[in-house]
Amino acid sequence: MAAFGSFALLIALALAGYNLLAGILALRLIATGQQARISPERLADTARRAGIASFIAVTAAAFALIWSVFTNDFSITYIMEHSNRALPGPYKFSALWSGQEGSLLLWAWLLAAYGFVLRLTHKTDVKLYAYAGTILAGIQVFFLLILNIAAPPFAIMRGAIPDDGNGLNPLLQYPEMVIHPPMLYLGYVGFSVPFCFALGALMMRYPGEKWIRVTRIWTMVTWLFLTCGIFLGMHWAYAVLGWGGYWGWDPVENASFMPWLTGTAFLHSVMMQEKKGMMKSWNVWLIFSTFLLTLLGTLLTRAGLVSSVHAFAQSSIGTWFVVFMGIVLAVCIFTYVLQRSHLKSEHHLESLVSRESSFLFNNLVLLTACFVILWGTLFPILSEYVVGNKVTMGAPWYNAVAIPIGIFLLFLTGVGPLLPWRATSFKSIRRNFVLPVIAFWATVIVCLATGVRPWKDGALNQGNFYALVAFSVSAAVMTAILSEFLRGAGVIARQTGRNLFASTWLLTRRNTRRYGGYIIHIGVVIVVVGLAGSAFNRSEERELALHDKLPIGPYTLECVGFTQDSNLNFNSEYALLDVYKDGKKQFQMTPEKRVYLASEQPQTMVAIHSVPSWDLYVVYEGTNPDTGQPIIKAFLNPLVGWIWAGLVILVWGTLIALVPNLSPATASVRVPARTAPTQPSLKGGSL
Amino acid sequence: MRPPRITSPWMKTVQAAILAVAVCFSLGATDASSRLNDMSHRLMCQCGCAQLLGECGHVGCPSREPELAELKAAIADGKSDQQIKDIFVAKYGAVVLAAPTTQGFDLVAWIAPFAVFGAAMLGTILLVRRWTVGRTQAAVGPDPASMDPGELARREKIRRETDAGNDGGF
């Protein structure tokens, strides 16, 4: 199977290479109008078909690796290092992305899969898709070159073949690890597609904004995957790492967050281009930056430049990424300089207080947030280079710098939709902002009255202060969004006689993009409320003998036993804790500690009881070597469930925004009598 | 002379809100602070887990307990926060601090984000103002009175369609 996999990767490289070269040649012939022995259209089609075939070849290679994992083929180094016989079936799939070579193969496969869909749907706009497909082939060639030369997943073991493998990293033996990485990669890799469309449209001086509409859908789907991937990663960190948190500002987390921020900025600013013909250069560079950030993130974490808990993927392929990023950047700059006249704005902003400016400031804040995270990730390297002193950029730095920016962004989330396009008046501002301002101050008063004190011992309590501001701004934003819904639904209710709920649903279906966007904003607000709850986290740690008690918040944990279990994959010991509230037994929790046999690595399995107001989070930390007593650490984490609930709403809003409107808006367009009808053809354009 | 009475309901509402906030702030009950907890969240665990000392929860961590013991000892000795940080930096290096200091090159880490944000905001505001002024000057050109009535009607229609309060949406 190793030979089959290696051969499939070689074939895939050849096919992608042909797609790239034949595509470039065909598009060049079409752009210059030169004659050749073969028709450029036919040549381009052969390139497209080669791209489709490359997906089949990479799929065969991925299948070969998975087959090797399931058949315990430890003659392959990668399988020996990342699997073992006792590994449960679902986690054998995880082996595909648990190491450098496998994760690159997954990347190449997803890229080929995206390319497959793109090339199959080429009739949407044959020429634009031909450009995009060819550029995508270039990216495929890069990853396939790495897989064939620098990080081959089918490398054969030297010497005797062991009976069993080293096993999968225990951190990855958790159900979410079966879906988190593929989801994240779907998002990460998916940004290649909008990049290809943007670059292709710029190369061919694509007339009109149709490419923006095509790209927007791809970007939204990709953004959705990336969002889900990031949140699943947060939940995994929360449930597995046992430190009571979900976001540690680890370089790998940051690497996934940066393209998310620029992608979000693009999804907002793209509306300016569609509606007003503005920010064309900005949008193109946002997409270029997003793609480059996915490469930079990969470089940072895989080249060992920064230390990370995701160190499993470190290797020496950094040089490859540096060279590729250089090529990509050079191509982007060259194309932009050559074609920048095509990107002139048709309009400019008319007022500093308008929806257009709110989009502009929203983009500014998102990009600043991206810069802050990049700065925080790279500063240790910079500091070491400049003064020879490596520093840590931990949570205190990010909390001090990123949270104010995040709250300002949340503020804009509420303000933006309340501002009309073009310009506004003081009267309009007063009318739209009364309710949100009341909601803001009411929340401030309620929070202060209920004990959220921004001051402690005469000094500012940063966590509480940010929580207070976050709650209050969230209330204002939520009020603003709901009032937008109610205003529209009220009109429909009066016109149709439907009840308010049915009117709201109809309103949403009539303009899915706008109201889907608002639902996404509601999701974001709920996530922010959940994040702000972390300011009030509490924890208690204690050695617990039998029938000892550990009080935390309204709960009391009583130890009623400790027991052990074992299977072929791991040995485990866990505590049985009865949880009491108001003197009554509510439920039992069983925090666990495992030791995996193949890797001999220990791992905690946290017990979590989640209710809307908080999570009771209990960790079995092992036994005190001096006393032999088990150590239990309990956390009471307020509002964590809101984060996951916010994600569900966010996903729902995105799906609604992707659905076409119930009644498409109609517009009369005057078409010149002699305009030739648009043909699905490769003719015309320039490069 | 008596000061003029504030009769606007808006001003009264604002005054009431400010008063309520001030009262709530002044209630200011303070919790007993835990220096150990605070300091353990300003230092990093040195086992390589890249987590704060107060949050490192990985099983069998070889660094957490010794570091926490040193921290407890330093607090018991009555050392100030800065002295504790100096002791830890001397032993483990600057990487033990969870955030850079505000001295020397480290200060750049704190200033750069806000400087970039401020510069970008200022640049954007100036750019928008320039566009706005440019548009106003350009708009002075044709006199509406001398324009064709059909053209005026068309412009009014476009204005109505694009400036209908909050109808723009996404």
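The values are calculated or read from the model by the stated rules, or taken from the named source; none is laboratory data. Quick caveat, the model's predicted, so the values are computed rather than measured. Cβ sites come from the backbone with ideal geometry, for glycine too, and all protein chains shown count toward neighbours.
For every residue, the table says whether it meets (1) at pLDDT 80 or above; (2) more than 10 Å from chain A (Cβ to nearest Cβ); (3) in a loop (DSSP other than H, G, I, E, B).
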{"position": "B:Val21", "(1), (2), (3)": "no, no, no"}
{"position": "B:Phe25", "(1), (2), (3)": "no, no, no"}
{"position": "B:Ala29", "(1), (2), (3)": "no, no, yes"}
{"position": "B:Leu36", "(1), (2), (3)": "yes, yes, no"}
{"position": "B:Met39", "(1), (2), (3)": "yes, yes, no"}
{"position": "B:Cys49", "(1), (2), (3)": "no, no, yes"}
{"position": "B:Glu55", "(1), (2), (3)": "no, no, yes"}
{"position": "B:Cys61", "(1), (2), (3)": "no, no, yes"}
{"position": "B:Leu68", "(1), (2), (3)": "yes, yes, no"}
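Going by the structure shown, is A:Gly242 modelled with pLDDT of 90 or more, of a type outside the set (A, V, I, L, M, F, W, C) and buried (at least 20 other Cβ atoms within 10 Å of the Cβ)? It is false that A:Gly242 is modelled with pLDDT of 90 or more, of a type outside the set (A, V, I, L, M, F, W, C) and buried (at least 20 other Cβ atoms within 10 Å of the Cβ). Could we say that A:Ala489 is free of Cβ contacts under 8 Å to residues at least 40 places away in the same chain, buried (at least 21 other Cβ atoms within 10 Å of the Cβ) and under 26 Å from A:Thr443 (Cβ atoms) here? It is true that A:Ala489 is free of Cβ contacts under 8 Å to residues at least 40 places away in the same chain, buried (at least 21 other Cβ atoms within 10 Å of the Cβ) and under 26 Å from A:Thr443 (Cβ atoms). Tell me the residue from A:Glu253, A:Glu209 that is in contact with a Phe, Trp or Tyr (Cβ under 7 Å, 6 or more places away or on another chain), in contact (Cβ under 8 Å) with a residue 12 or more places away in the chain and acidic (Asp, Glu), please. Being in contact with a Phe, Trp or Tyr (Cβ under 7 Å, 6 or more places away or on another chain), in contact (Cβ under 8 Å) with a residue 12 or more places away in the chain and acidic (Asp, Glu) holds for just one of A:Glu253, A:Glu209, which is A:Glu253. Flag not set for A:Leu202, criterion: within 14 Å of chain B (Cβ to nearest Cβ), closer than 30 Å to A:Glu346 by Cβ and not polar (S, T, N, Q).
Taking the stated definitions as given, is A:Pro612 of a type outside the set (Gly, Ala, Ser), over 17 Å from A:Thr556 (Cα atoms) and free of Cβ contacts under 8 Å to residues at least 40 places away in the same chain? Yes, satisfied.
Under the condition of being under 19 Å from A:Gly297 (Cβ atoms) and hydroxyl-bearing (Ser, Thr, Tyr), which residue from the stretch A:98-127 is surrounded by the fewest Cβ atoms within 10 Å (Cβ to Cβ)? Within the stretch A:98-127, the match that is surrounded by the fewest Cβ atoms within 10 Å (Cβ to Cβ) is A:Ser103.
Each residue in the stretch A:573-582 was checked for being under 30 Å from A:Ser83 (Cβ atoms) and either of a type in the set (Lys, Arg) or surrounded by 20 or more Cβ atoms within 10 Å (Cβ to Cβ) (or both), and 1 of them qualify. Within the stretch A:297-327, the residues that satisfy the criterion of being outside any loop (DSSP other than H, G, I, E, B) and modelled with pLDDT under 80 are A:Leu300, A:Thr301, A:Arg302, A:Ala311, A:Phe312, A:Ala313.
For A:Ala400, indicate whether it is within 10 Å of chain B (Cβ to nearest Cβ) and under 26 Å from A:Val415 (Cβ atoms). So A:Ala400 passes the test. Taking the stretch B:70-99 as the range and being over 18 Å from the mean Cα position of the chain (by Cα), facing chain A (nearest Cβ under 9 Å) and not in a helix (DSSP H, G or I) as the test, the residues that pass are B:Gly93, B:Leu97, B:Ala98.
Residues that are hydrophobic (A, V, I, L, M, F, W, C), surrounded by fewer than 20 Cβ atoms within 10 Å (Cβ to Cβ) and more than 10 Å from every other protein chain (Cβ to nearest Cβ) do occur in the stretch A:505-520, at least one of them.
Looking only at the stretch A:614-623, filter to residues that are facing chain B (nearest Cβ under 10 Å) and over 16 Å from A:Thr563 (Cβ atoms); which one of those is modelled with the highest pLDDT? Result: A:Val619.
Tell me, yes or no, whether the stretch A:210-224 has at least one residue that is within 21 Å of A:Leu531 (Cβ to Cβ), touching a helix residue (DSSP H, G or I) at 6+ places or on another chain (Cβ under 9 Å) and either in the same structural domain as A:Thr654 (by TED's automatic domain parsing) or outside any helix (DSSP H, G or I) (or both). No - not one qualifying residue is present in the stretch A:210-224.
To keep it simple, each residue is scored yes or no on (1) away from chain B (no Cβ under 14 Å); (2) at pLDDT below 90.
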residue	(1), (2)
A:Leu577	yes, no
A:Ile608	no, no
A:Pro630	no, yes
A:Ala645	yes, no
A:Thr666	no, yes
A:Thr678	yes, yes
A:Lys683	yes, yes
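Could you count how many residues in the stretch A:218-245 are more than 14 Å from chain B (Cβ to nearest Cβ) and either farther than 24 Å from A:Leu655 by Cα or hydrophobic (A, V, I, L, M, F, W, C) (or both)? Of the residues in the stretch A:218-245, 12 are more than 14 Å from chain B (Cβ to nearest Cβ) and either farther than 24 Å from A:Leu655 by Cα or hydrophobic (A, V, I, L, M, F, W, C) (or both). State whether the residues of the stretch A:155-166 include one that is in contact (Cβ under 8 Å) with a residue 60 or more places away in the chain, under 26 Å from A:Ala8 (Cα atoms), assigned to a helix (DSSP H, G or I) and touching a helix residue (DSSP H, G or I) at 6+ places or on another chain (Cβ under 9 Å). No, the stretch A:155-166 contains no residue that is in contact (Cβ under 8 Å) with a residue 60 or more places away in the chain, under 26 Å from A:Ala8 (Cα atoms), assigned to a helix (DSSP H, G or I) and touching a helix residue (DSSP H, G or I) at 6+ places or on another chain (Cβ under 9 Å). Has the stretch A:336-350 got any residue that is facing another protein chain (nearest Cβ under 7 Å) and surrounded by fewer than 22 Cβ atoms within 10 Å (Cβ to Cβ)? Yes, the conditions are met somewhere in the stretch A:336-350. Give the stretch B:105-124 a look and list any residue that's more than 15 Å from A:Ile373 (Cα to Cα) and facing chain A (nearest Cβ under 7 Å), or say none. Within the stretch B:105-124, B:Phe105, B:Asp106, B:Ala120, B:Met121, B:Thr124 meet the criteria.
If you check A:Ser472, A:Ser428, which single one turns out to be within 11 Å of chain B (Cβ to nearest Cβ), under 17 Å from A:Val524 (Cβ atoms) and hydroxyl-bearing (Ser, Thr, Tyr)? The unique qualifying residue is A:Ser472.
Answer yes if at least one residue in the stretch A:567-576 is in contact with a helix residue (DSSP H, G or I) (Cβ under 7 Å, 6 or more places away or on another chain), more than 30 Å from A:Thr504 (Cα to Cα) and in contact (Cβ under 8 Å) with a residue 12 or more places away in the chain, and no otherwise.
No: the stretch A:567-576 contains no residue that is in contact with a helix residue (DSSP H, G or I) (Cβ under 7 Å, 6 or more places away or on another chain), more than 30 Å from A:Thr504 (Cα to Cα) and in contact (Cβ under 8 Å) with a residue 12 or more places away in the chain.
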